[in-house]
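Inspection log for the structure reproduced underneath, given as structure tokens.
Since every read-out is calculated from the coordinates, none of them should be taken as a lab result. Remember, it's a predicted structure, so these values are computed and weren't measured experimentally. Positions of Cβ are generated from backbone atoms using ideal geometry, with glycine treated the same way; all protein chains shown enter the neighbour counts.
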Amino acid sequence: LEGSGVEAKIEPEVKDSLGVYCIDAYNETMTEKLVKFMKRGGGLLIGGQAWDWANQGDDERVLFTFPGNLVTSVAGVYFTDNKGDTSFFKVSKKMPKIPVLVSCEDDLSEDREELLHGISELDISNSDCFPSQLLVHGALAFPLGLDSYHGCVIAAARYGRGRVVVTGHKVLFTVGKLGPFLLNAVRWLDAGRRGKIVVQTELRTLSGLLAVGGIDTSIEPHLTSDASVYCFEPVSDVGVKELQEFVAEGGGLFVGAQAWWWAFKNPGVSPLARFPGNLLLNPFGISITSQSLNPGPFRTPKAGIRTYHFRTTLAEFQVIMGRKRGNVEKGWLAKLGPDGAAFL
């Protein structure tokens with residue numbers, strides 16, 4: 001750097017007075033300091049590779065445990081355990097396009113198993129509500145409850161260092177039969193911290209259901225600075241940036257909302273683009289659509305069996321169109337059409 005006329009100095013730790021800090025991706029002691037440094041506007045130049053690191057240890061979940069990812073994931077960038085190409089790379093004048101689906105050895109099966117432990121179906125048949133269908137499109141998002149037409153009622157996602165669970169209606173927070181799932185969800189969102197569980201004032205019934213399972217909650221009108229998990233319904237004045245940062249930095253968000261009524265009141269306006277809840281949720285890879293679902297029992301994904309996911313199906317369809325061969329899972333293509341129209 002100095003040879004190119006850039007003033008630089010050696011510092012053992014990041015400081016507020018610095019403009020840019022350069023570090024490798026293996027440091028495990030400065031995670032919080034580096035995140036705060038970036039949040040204040042500091043620049044971070046970080047380099048490393050995760051595939052060799054993954055081969056050295058027992059934890060294969062590189063996206064969530066590699067030291068560099070504990071910092072960069074907050075900004076939406078991940079080191080993977082895939083070996084990169086070592087040839088020449090062209091420099092594009094425009095931002096290069098990214099693939100529809102990026103392959104990574106990390107999977108979310110452990111998260112799904114934890115969320116659905118002891119649960120064979122999600123029964124809301126007596127809830128007297130029609131939930132919105134969820135569109136699961138993020139690479140780190142996954143469905144938890146599906147009807148026979150692959151319509152999703154509950155989904156979860158990883159985002160940065162945090163976690164999100166979304167239900168297609170806030171009434172699902174009050175369904176007694178969903179009690180075991182609600183407990184699993186809050187514990188997963190808390191990620192073992194045993195932290196403060198904040199429940200929005202309007203969702204007092206959820207607080208009661210959690211109390212039965214031994215989870216204490218604090219009823220508050222808004223997210224608090226010491227919260228580990230926040231359970232709420234997003235409305236028009238939701239603090240999008242604050243909540244997204246809360247999740248990216250490690251918080252858990254439990255969201256319940258439907259969009260079909262909003263779509264009815266706002267004809268001709270895209271719910272995915274304009275519905276307040278989706279302004280928050282879209283970056284997490286889960287969106288609430290204007291399509292409603294019948295309130296029957298929903299099947300849960302089974303280990304080892306592929307489940308419909310919009311991004312995965314779209315990637316497979318893209319390959320078929322390019323190579324003129326192959327096939328998409330039976331029934332998925334019919335779902336891809338309306339999902340694609342809603343997404344685009």
What are the ³J(HN,Hα) couplings of segment 85-98, residue after residue, when phi is run through the Karplus curve with 6.51, -1.76, 1.60 and θ = phi - 60°? Round to Hz, x for glycine and proline. 6, 10, 8, 7, 10, 6, 9, 8, 6, 10, 4, x, 6, 9
Top positive-direction residue, dipole computed over the chain with Cβ charges, set Phe64, Leu189, Val175: Val175
Extending each Cα 7 Å along its Cβ direction at Glu113 and Ile98, get the distance between those two points in nm, one decimal. 2.8 nm
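Quote the FRET efficiency, to the nearest 0.05, computed for Ser87 versus Asp52 with a Förster distance R0 of 30 Å and r equal to the Cβ-Cβ distance. Display every interim value, and only then the final one.
Numbers: r = 20 Å, r/R0 = 0.65.
My answer for the efficiency is 0.95.
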Dipole magnitude of segment 196-344, debye to nearest 20 (Cβ charges: Lys/Arg +1, Asp/Glu -1, about Cα centre): 1080 debye
Direction-averaged shadow area of the convex hull around the Cα atoms of segment 2-75, nm²? 5.8 nm²
In a GNM of the chain with a 10 Å cut-off on Cα contacts, which of Asp147, Asp24, Asp237 has the highest mean-square fluctuation? Asp237
Which one, (1) 39, 22, 19; (2) 36, 22, 17; (3) 35, 26, 20, gives semi-axes √(5λ) of the Cα gyration tensor in Å as derived from the coordinates shown? (3)
Using the alpha-carbon atoms, what tilt in degrees (0 to 90, nearest 10) does helix 310-323 show relative to the longest principal axis of the chain? 70 degrees
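How far, in nm, would the chain grow between Glu7 and Glu329 when pulled straight, counting 0.36 nm per residue and subtracting the alpha carbon separation?
Details: separation 322, 0.36 × 322 = 115.92 nm, distance 5.69 nm.
Value of the extension gain: 110.2 nm.
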Could you give the dipole magnitude of segment 93-236 about its Cα centre, charging the beta-carbon of Lys and Arg +1 and that of Asp and Glu -1, in debye to the nearest 20? 600 debye
To the nearest 20 debye, what is the magnitude of the charge dipole of segment 7-108 about its Cα centre, counting +1 on the Cβ of each Lys and Arg and -1 on the Cβ of each Asp and Glu? 840 debye
Taking 20 Å as the cut-off for C-alpha to C-alpha distance, list the pairs among Lys15/Lys36; Lys196/Lys302; Lys39/Lys241 that go past it. Lys196/Lys302
Which distance in nm do the two modelled labels at Thr205 and Val77 give, with both placed 7 Å along the Cα-to-Cβ direction? 4.6 nm
To the nearest Å, what is the center-to-center distance of segment 208-230 and segment 281-336, using C-alpha atoms only? 33 Å
Among Cys22, Leu333, Ser92, whose Cα projects farthest towards the positive end of the dipole of the chain, with charges put on the beta-carbon of Lys, Arg (+1) and Asp, Glu (-1)? Leu333
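Treat segment 241-297 as a sphere of radius equal to its Kirkwood radius over Cα pairs and apply Stokes-Einstein at 20 °C in a medium of 1.002 mPa s; give the translational diffusion coefficient in µm²/s, rounded to a whole number.
On the way: Rh = 12.5 Å.
Result for D is 171 µm²/s.
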